[in-house]
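Working notes, beginning with the structure itself.
The values are calculated or read from the model by the stated rules, or taken from the named source; none is laboratory data. Note that the structure is a prediction, hence the values are computed from the model and not measured. Here the Cβ positions follow ideal geometry from the backbone for every residue, glycine too, while neighbour counts run over all protein chains shown. For accessibility, only protein heavy atoms count, side chains too; no ligands or nucleic acids. Shrake-Rupley method; radii C 1.70, N 1.55, O 1.52, S 1.80 Å.
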Amino acid sequence: MSLPVIDLSSHEDAATSPGSEVERKEIAGRSPTRIAFDRLRKDPVAVICVVVILFFIVVAVFAPLLEKLFGVSTDTVLASTRVDLVTGLPKIGPPNHGFDPDHPFGVAPGDGTDNLAVWIEGCRTSLYLATVATVGSTAIGIVLGLLAGFLGGIVDTIISFFIDLFLTFPFLLAALSVAPILNERYATEPDKLAVVSFYVLVAILVFFGWMTVARLVRGEALALREREFVKAARVIGVPTWQVLFKEILPNLLAPIIVSISLGLPTFVALEAGLSYLGIGVTGRESWGVTINAATKYWETYPQYLLEPVLGIAILVVALNLLGDAVRDAFDPKTRR
């Protein structure tokens, strides 16, 4: 007499499936944010991206110390001591000579500025500008999105109109229009031009970067304002600003974090692109400015161009991949 065969595979699948009782017990009592960060911690792609981004942050924050550590600087030097005045190429180091420990990234053709110092300063400029622009655009988008979604009516109509208006306005046209005005106004004041051009570029990025966040927050606020806890707060007379920032905003943490993580790489790439076109930052080191100067040396000195290009590529890819990981971690329907 044969014994009945018991299929245990279905039980194993039930125990390991995403919606199993085992997983529900594991995540019981934890907030959605804690669950999302636990997912990120277990995601190897996210961990690698965090390490890469932390490297760039350390470079940006401790730029002066790193320059002293490597013994490099962006100070003006006598070009003839480092560069062949006939060919314009460095006398020592790449592309025609071996590795130079005094200048690990080589020196710039023409003026002989140390490339490592320029790379470090360019990293600082890109990350600082992208961070300020992301914070500013996110703050504006959150406020306007909350007002439009929660208040509705004429307020929603007006804010939605401006969102659509700014989305249709060509961003590049605004940058092209402002740059010549600044260059002419501060042509005789290079120090002021360096400061003004930086913050004007930040203002332009913020001015044309808040719409996506506003639309996202507006949609979430429209759904949340019908929830019981929001209606209860309004019934007992809680002020509108408290309902917006203490009841609704905490529940928008996940989409806002995702928006920030995806916005940072966009602004890094935009800063480099605008600087390459000659309408970005002026009077300070930038990866985009270096790329603009290095394009004509591609055939004779490719390393000069590859250094800032690789810096931008690695940083933007890491930020984008981390943004995707954050989005998936905060999505309850996703299992990475």
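Tabulated values for the structure
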read-out: Residues of segment 144-161 classified as modelled with pLDDT of 90 or more and open to solvent by 80 Å² or more (accessible area, probe 1.4 Å), total; value: 4
read-out: In segment 192-215, the residues that are part of a helix (DSSP H, G or I) and among the small types (Gly, Ala, Ser); value: Ala194, Ser197, Ala203, Ala214
read-out: Selection within segment 81-95 - of a type outside the set (Asp, Glu) and open to solvent by 40 Å² or more (accessible area, probe 1.4 Å); value: Thr81, Arg82, Leu85, Val86, Thr87, Lys91, Ile92, Pro95
read-out: Whichever residue in segment 224-250 is touching a residue at least 40 places away in the same chain (Cβ under 8 Å) and farther than 21 Å from Ile260 by Cβ and, among such residues, is least open to solvent (accessible area, probe 1.4 Å); value: Val243
read-out: Subset of segment 278-296 [touching a residue at least 40 places away in the same chain (Cβ under 8 Å), on the phi < 0 side of the Ramachandran plot and open to solvent by 20 Å² or more (accessible area, probe 1.4 Å)]; value: Ile279, Thr282, Arg284, Glu285, Val289, Ala293
read-out: Residue pairs meeting the criteria (Cβ under 8 Å; at least 6 apart or on separate chains; first farther than 10 Å from Val178 by Cβ, in segment 191-202; second among the charged types (D, E, K, R)); value: Ala194/Arg284; Phe198/Arg284
read-out: From Thr295, Thr282, Thr300, Thr290, residue being closer than 16 Å to Val202 by Cα and polar (S, T, N, Q); value: Thr282
read-out: Extreme residue, nearest to Pro265 (Cα to Cα), among residues of segment 178-213 that are open to solvent by 60 Å² or more (accessible area, probe 1.4 Å) and hydroxyl-bearing (Ser, Thr, Tyr); value: Thr212
read-out: Some residue of segment 316-334 being more than 30 Å from Pro250 (Cβ to Cβ), within 19 Å of the chain's Cα centre (by Cα) and part of a helix (DSSP H, G or I); value: yes
read-out: Tabulated pairs, segment 128-157, first closer than 30 Å to Arg284 by Cα and touching a residue at least 12 places away in the same chain (Cβ under 8 Å), second outside any helix (DSSP H, G or I) and aliphatic (A, V, I, L, M), C-beta under 8 angstrom, 6+ apart or interchain; value: Leu129/Val281
read-out: Hey, Gly71 in contact (Cβ under 8 Å) with a residue 24 or more places away in the chain, within 26 Å of Trp119 (Cα to Cα) and surrounded by 16 or more Cβ atoms within 10 Å (Cβ to Cβ) or not; value: no
read-out: Inter-residue pairs, beta-carbon under 7 Å, first of a type in the set (S, T, N, Q) and in segment 308-326, second assigned to a helix (DSSP H, G or I), 6+ apart; value: Asn320/Pro265
read-out: Filter result (of a type in the set (S, T, N, Q) and farther than 24 Å from Gly145 by Cα) within segment 191-213; value: Ser197
read-out: Sole residue being open to solvent by 10 Å² or more (accessible area, probe 1.4 Å), part of a helix (DSSP H, G or I) and touching a helix residue (DSSP H, G or I) at 6+ places or on another chain (Cβ under 8 Å), chosen from Gly110, Gly122, Gly141, Gly136; value: Gly136
read-out: Breaking point among (1) outside any helix (DSSP H, G or I); (2) on the phi < 0 side of the Ramachandran plot; (3) open to solvent by 60 Å² or more (accessible area, probe 1.4 Å); (4) modelled with pLDDT under 85, for Thr300; value: (4)
read-out: Residue count for segment 267-277, restricted to those that are closer than 21 Å to Ala117 by Cα and surrounded by fewer than 23 Cβ atoms within 10 Å (Cβ to Cβ); value: 3
read-out: Segment 303-318, subset open to solvent by 50 Å² or more (accessible area, probe 1.4 Å) and of a type in the set (A, V, I, L, M, F, W, C), residue farthest from Lys91 (Cα to Cα); value: Val317
